[in-house]
Amino acid sequence: VQLQASGGGLVQSGGSLRLSCAASASISSINVMGWHRQAPGKQRELVASITSGGVTNYAEFAKGRFTISRDNAKLTASMQMNSLKPEDTAIYYCNFYMGPYNSYWGQGTLVTVSS
């Protein structure tokens, strides 16, 4: 199974992007879908996650600007990012977590926000 992330690109400060992540094959019991990011020289960090029941969790920097959603039938996760800032520049990775030692990562999609 592969996760295909898309939607990254170059946007000006204040702009918006919508990231999407889709699985290449059926996956059962995806407990949590999430988006993480890694900026140059920094560790990967959680941006947002959503449980199978729709409970969301956001990093402080994402609250009020990013919205995560999922489609359980289509096995997709999306994240709407508004009011983007230059410090949001990073590679964004999606993750589907089924349980301990059982998760998939997407290949990453680059988001670049110019000032």
key: Candidates GLY14, GLY41, GLY53: whichever shows maximal mean-square fluctuation once the chain is modelled as a Gaussian network with Cα springs under 10 Å   = GLY41
inquiry  = Spelling out what I want: for every residue of the stretch 58-69, take phi, set θ = phi - 60°, compute 6.51 cos²θ - 1.76 cosθ + 1.60 (Karplus), and round to whole Hz; glycine and proline get x.
reply    = 10, 5, 4, 5, 9, 4, x, 10, 10, 9, 9, 8
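From largest to smallest, what semi-axes in whole angstrom does the chain give when each is the square root of 5 times an eigenvalue of its alpha carbon gyration tensor?
Details: eigenvalues 108, 38, 33 Å².
Working through the eigenvalues yields semi-axes of 23, 14, 13 Å.
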note = The percentage of the accessible area of the chain (probe 1.4 Å, all protein chains present) made up of carbon and sulfur atoms, to the nearest whole number, is 49 percent
inquiry  = What lysines does LYS85 reach when the alpha-carbon gap must be under 30 Å and sequence neighbours fewer than 8 apart in one chain are set aside?
reply    = LYS42, LYS63
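Rolling a 1.4 angstrom probe over the protein heavy atoms, how many square angstrom per residue are accessible across the chain? Present the calculation step by step, with values, prior to reporting the outcome.
Numbers: 6080 Å² over 115 residues.
Result: 53 Å² of accessible area for each residue.
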task = Kindly rank 4-10, 87-93 from highest to lowest mean number of other beta carbons found within 10 Å of each residue.
result = 87-93, 4-10
key: Karplus-derived HN-Hα couplings along the stretch 36-45 (A = 6.51, B = -1.76, C = 1.60, θ = phi - 60°), whole Hz, x at Gly and Pro   = 10, 9, 9, 8, x, x, 10, 7, 5, 9
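The values are calculated or read from the model by the stated rules, or taken from the named source; none is laboratory data. Because the structure is predicted, anything quoted here is derived from the model rather than measured. For neighbour counting, all protein chains shown are included, and Cβ atoms are generated from backbone atoms with ideal geometry for every residue, glycine included. Surface accessibility is based on the protein's heavy atoms, side chains included, excluding ligands, DNA and RNA. Shrake-Rupley method; radii C 1.70, N 1.55, O 1.52, S 1.80 Å.
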